[in-house]
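Here's the structure we're looking at; comments come further down.
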Amino acid sequence: MLDRAGFSPGEIDGRRGRNFVRALTAFQRTHSLQSSGELDDATWSVLSGRAGGQQPLISYEITPEDVAGPFVDAIPADLMKQAELDALGYTSPLEMLAEKFHVNPRLLEQTNRDATFRRAGERILVPNIAAIDPLAPLPGSRLDARIVVARSTSALTVEDASGYLLFHA
């Protein structure tokens, strides 16, 4: 839901890591909530509303394009060797689907224990990340924006003219 609301916690892995706490704290600060980094009732209520009131997980039907590839056998860990490749592809439909939904492949497998991730028509549960456009102006906001990159918090934010945070990563 943070991802959908424009406060990216990075790859969704189901764990309470540093990126999650930073994204949640930025969301809380932006919405005048207690900046605790804890997912309390008040934060959940505002987050649900800002994220369009939609469920955090949705059912997704794997398409023929999802399983068609092309897939590669392996991607070298060395960045210089990666640069020599024609393209950085995926090693499997699972890896491609995980990237598509901003989720760690292991969490996607844990959430869908019976899935093969290799058959078109197979239904899986995925994070509902595409519900809203986080850069869409909110009612009363102006299109003028300011981009802020902060080294101290490792964050990039986009604020509208009134200082309202539109995006945080």
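When residue 73 is evaluated against the numbered criteria (1) under 22 Å from residue 10 (Cα atoms); (2) open to solvent by 50 Å² or more (accessible area, probe 1.4 Å), which criterion, by number, is the only one it fails? Of the numbered conditions (1) under 22 Å from residue 10 (Cα atoms); (2) open to solvent by 50 Å² or more (accessible area, probe 1.4 Å), the odd one out for residue 73 is (1). Close Cβ contacts (under 6 Å, 6 or more residues apart or on different chains) running from residues in the stretch 117-130 that are open to solvent by less than 40 Å² (accessible area, probe 1.4 Å) to residues that are outside any loop (DSSP other than H, G, I, E, B) comprise 117/93; 117/94; 124/60; 126/60; 127/12; 127/103; 128/58.
Mind checking which residues of the stretch 42-62 are open to solvent by 80 Å² or more (accessible area, probe 1.4 Å), at pLDDT 90 or above and either in contact with a helix residue (DSSP H, G or I) (Cβ under 9 Å, 6 or more places away or on another chain) or closer than 19 Å to residue 4 by Cβ (or both)? Matches in the stretch 42-62: 44 only.
Scanning the stretch 32-41 for residues that are at positive phi and either open to solvent by 50 Å² or more (accessible area, probe 1.4 Å) or out of contact with any helix residue (DSSP H, G or I) (no Cβ under 9 Å at 6 or more places or on another chain) (or both) yields a single hit, 32.
Considering the stretch 123-134, and only residues there that are within 15 Å of residue 2 (Cα to Cα) and either touching a strand residue (DSSP E or B) at 6+ places or on another chain (Cβ under 6 Å) or part of a helix (DSSP H, G or I) (or both), the residue that is modelled with the highest pLDDT turns out to be 126.
The single condition among (1) surrounded by 12 or more Cβ atoms within 10 Å (Cβ to Cβ); (2) modelled with pLDDT under 80; (3) at positive phi; (4) not polar (S, T, N, Q) that residue 140 does not satisfy is (1).
Condition (residue is touching a His at 6+ places or on another chain (Cβ under 9 Å), in a strand (DSSP E or B), at pLDDT 85 or above and within 23 Å of residue 45 (Cα to Cα)) applied to the stretch 153-166: is it met by at least one residue? Taking every residue of the stretch 153-166 in turn, none turns out to be touching a His at 6+ places or on another chain (Cβ under 9 Å), in a strand (DSSP E or B), at pLDDT 85 or above and within 23 Å of residue 45 (Cα to Cα). Selection within the stretch 3-22: residues that are at pLDDT 85 or above and in a loop (DSSP other than H, G, I, E, B). The member of this set that is surrounded by the most Cβ atoms within 10 Å (Cβ to Cβ) is 9.
Checked against the criterion of being in contact with a helix residue (DSSP H, G or I) (Cβ under 6 Å, 6 or more places away or on another chain), among the hydrophobic types (A, V, I, L, M, F, W, C) and free of Cβ contacts under 8 Å to residues at least 40 places away in the same chain, the candidates 85, 94, 79 yield just one match: 94.
All conditions but one from (1) among the hydroxyl-bearing types (Ser, Thr, Tyr); (2) open to solvent by 30 Å² or more (accessible area, probe 1.4 Å); (3) over 15 Å from the mean Cα position of the chain (by Cα) apply to residue 25; the one that does not is (2). Residues in the stretch 86-104 that are open to solvent by 40 Å² or more (accessible area, probe 1.4 Å) and either closer than 26 Å to residue 2 by Cβ or touching a Ser or Thr at 6+ places or on another chain (Cβ under 7 Å) (or both): 90, 95, 99, 100, 102. Considering only the stretch 48-70, state which residues are polar (S, T, N, Q) and closer than 13 Å to residue 123 by Cα. Of everything in the stretch 48-70, those that are polar (S, T, N, Q) and closer than 13 Å to residue 123 by Cα turn out to be 59, 63.
The values are calculated or read from the model by the stated rules, or taken from the named source; none is laboratory data. Not measured: the values here are computed from a predicted model. No Cβ is skipped: glycine too gets one built from the backbone with ideal geometry, and neighbour counts run over all protein chains shown. Calculation scope for accessible area: heavy atoms of the full protein, side chains included, ligands and nucleic acids excluded. Shrake-Rupley method; radii C 1.70, N 1.55, O 1.52, S 1.80 Å.
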